[in-house]
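Accompanying notes for the structure given below.
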Amino acid sequence: MNIFITGGAGYIGSATAEALLKAGHHVTVYDSLVTGHRPAVPEGAKFIHAELSDSLALAIALKEDKYDAVMHFAAFLNVGESVQRPLAYWRNNVANTLNLLESMEAHGVRRFVFSSTCAVYGQPDELPIVEDLPKAPISPYGCTKLSVEWMLQNCAVAWGLGSIALRYFNAAGAAEDGSLGEDHDPEIHLIPLVLRVALGQRESIPVFGTDYPTPDGSCIRDYIHVDDLAEAHLRAVEAVQPGEFEAFNVGTGRGYSVLEIIAAAREVTQHPIPIDPAPRRPSHAIVESGTRGLAGRVRLIRYNQKRSSPNNL
Ligand SMILES: NC(=O)c1ccc[n+]([C@@H]2O[C@H](COP(=O)([O-])OP(=O)(O)OC[C@H]3O[C@@H](n4cnc5c(N)ncnc54)[C@H](O)[C@@H]3O)[C@@H](O)[C@H]2O)c1
């Protein structure tokens, strides 16, 4: 397939671009580099340095080549920042996706894979978090992602768009050969921050909340290895059905606590990694784990506990 990837210079997009190339697909990365990195775009992918808000650049890009599918990773994803700057999130995550979908409609591209998030569920009353639980996002970030899912459902009816939304839990890990990995600025994710302590770039790691109703009192989350995510995208793009919208959780089904992650990092790096207990962060989900896996027509993920274990940092 000839696949157009927005955000392919970012963490998950670049890992997916690499996996698609290895599987024999043609890949074009469209990225403004607002948070991404040019060297992360895999060799063999065509690169277009442009903004999604630039409708003309988008139209030219989609006209120049005939694409079979679009994978849409480009977005802002810092939950805390989305509370401070909601309109920047609505503009980039929703208005710019609207531009992309308009251009796809105009140029006859009918397959779409969307990077959604477990943040669409908010703080669910029950576990495991399965796809048909109520959607009640508690952050502007989660609202923007859920809004795009609604847009995709409307487009399925109106012009036959086929789309799959993958609702990721927490992406983690790097390419096994070390060529690609996570590089956000500022970094907000636990594992790279923990490793910065081991590298001597931070004194300690704050543990926000030590009184949660979990076995060790720290927050539990479900971490999915970035290569497993890439594989889920590969399967999703092949499974998209014209005129249908589907959504799947993508996680391992096993949560790890913050203290378990730190213990694993200590074991791997042989560094003491001091912790700094801190109060709970406001309005963050207490437990974000427990996806039952993928309900529905296709199973997109091969459960790979080895690759997705926190020992594989
Ligand atoms: N990282 C996670 O744990 C996680 C969890 C759930 C969902 N997601 C979703 O996955 C997607 C990718 O996340 P990531 O961690 O790889 O983020 P990232 O910041 O590493 O990558 C995003 C990429 O999109 C590009 N981009 C952003 N806005 C753009 C625009 N307007 N025009 C062109 N390019 C633009 C950036 O330059 C960057 O290369 C996001 O949509 C995010 O919401 C991520």
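The values are calculated or read from the model by the stated rules, or taken from the named source; none is laboratory data. For clarity, every value in this text was computed on a predicted model and none was experimentally measured. Note that we place each Cβ from the backbone using ideal geometry, even for glycine, and neighbour counts take in every protein chain shown.
Within region 41-59, if we keep just the residues that are touching a strand residue (DSSP E or B) at 6+ places or on another chain (Cβ under 9 Å) and part of a helix (DSSP H, G or I), the residue that is farthest from Thr16 (Cα to Cα) turns out to be Ala57. Filtering region 60-99 to residues that are touching a residue at least 40 places away in the same chain (Cβ under 8 Å), surrounded by fewer than 21 Cβ atoms within 10 Å (Cβ to Cβ) and among the small types (Gly, Ala, Ser) leaves Ala61, Gly80, Ala95. For region 1-37, filtered to residues that are more than 21 Å from Gly173 (Cβ to Cβ) and part of a loop (DSSP other than H, G, I, E, B), the residue that is farthest from the ligand (Cβ to nearest atom) is Gly24.
To keep it simple, each residue is scored yes or no on (1) buried (at least 20 other Cβ atoms within 10 Å of the Cβ); (2) of a type in the set (Phe, Trp, Tyr); (3) modelled with pLDDT under 95; (4) in contact with a helix residue (DSSP H, G or I) (Cβ under 6 Å, 6 or more places away or on another chain).
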site: Asn2; (1), (2), (3), (4): no, no, no, no
site: Leu20; (1), (2), (3), (4): yes, no, no, no
site: His26; (1), (2), (3), (4): no, no, no, no
site: Arg38; (1), (2), (3), (4): no, no, no, no
site: Val41; (1), (2), (3), (4): yes, no, no, no
site: Gly44; (1), (2), (3), (4): no, no, no, yes
site: Phe47; (1), (2), (3), (4): no, yes, no, no
site: Leu58; (1), (2), (3), (4): yes, no, no, yes
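Any idea which residue in region 243-271 is surrounded by the most Cβ atoms within 10 Å (Cβ to Cβ), counting only those that are of a type in the set (Gly, Ala, Ser) and either touching a residue at least 12 places away in the same chain (Cβ under 8 Å) or assigned to a loop (DSSP other than H, G, I, E, B) (or both)?
Looking only at region 243-271, we keep the residues that are of a type in the set (Gly, Ala, Ser), and these are 243, 247, 251, 253, 255, 257, 263-265.
With either touching a residue at least 12 places away in the same chain (Cβ under 8 Å) or assigned to a loop (DSSP other than H, G, I, E, B) (or both) added as a condition, the list becomes 243, 247, 251, 253, 255, 257, 264-265.
Numbers: Gly243: 14, Ala247: 21, Gly251: 29, Gly253: 19, Gly255: 22, Ser257: 21, Ala264: 18, Ala265: 22.
If we take residues in region 243-271 being of a type in the set (Gly, Ala, Ser) and either touching a residue at least 12 places away in the same chain (Cβ under 8 Å) or assigned to a loop (DSSP other than H, G, I, E, B) (or both), then Gly251 is surrounded by the most Cβ atoms within 10 Å (Cβ to Cβ).
Here is a yes/no grid of residues against (1) at pLDDT below 95; (2) under 17 Å from the mean Cα position of the chain (by Cα); (3) on the phi > 0 side of the Ramachandran plot:
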site: Glu176; (1), (2), (3): yes, no, no
site: Ser179; (1), (2), (3): yes, no, no
site: His184; (1), (2), (3): yes, yes, no
site: Val194; (1), (2), (3): no, no, no
site: Cys219; (1), (2), (3): yes, no, no
site: His233; (1), (2), (3): no, yes, no
site: Phe245; (1), (2), (3): no, no, no
site: Gly253; (1), (2), (3): yes, yes, yes
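Filter region 77-102 down to the residues that are among the polar types (S, T, N, Q) and within 19 Å of the chain's Cα centre (by Cα) and list them by number.
Step one: list which residues in region 77-102 are among the polar types (S, T, N, Q), which gives 78, 82, 84, 92-93, 96-97, 99.
Within region 77-102, Asn78, Ser82, Asn92, Asn93, Asn96, Thr97 qualify.
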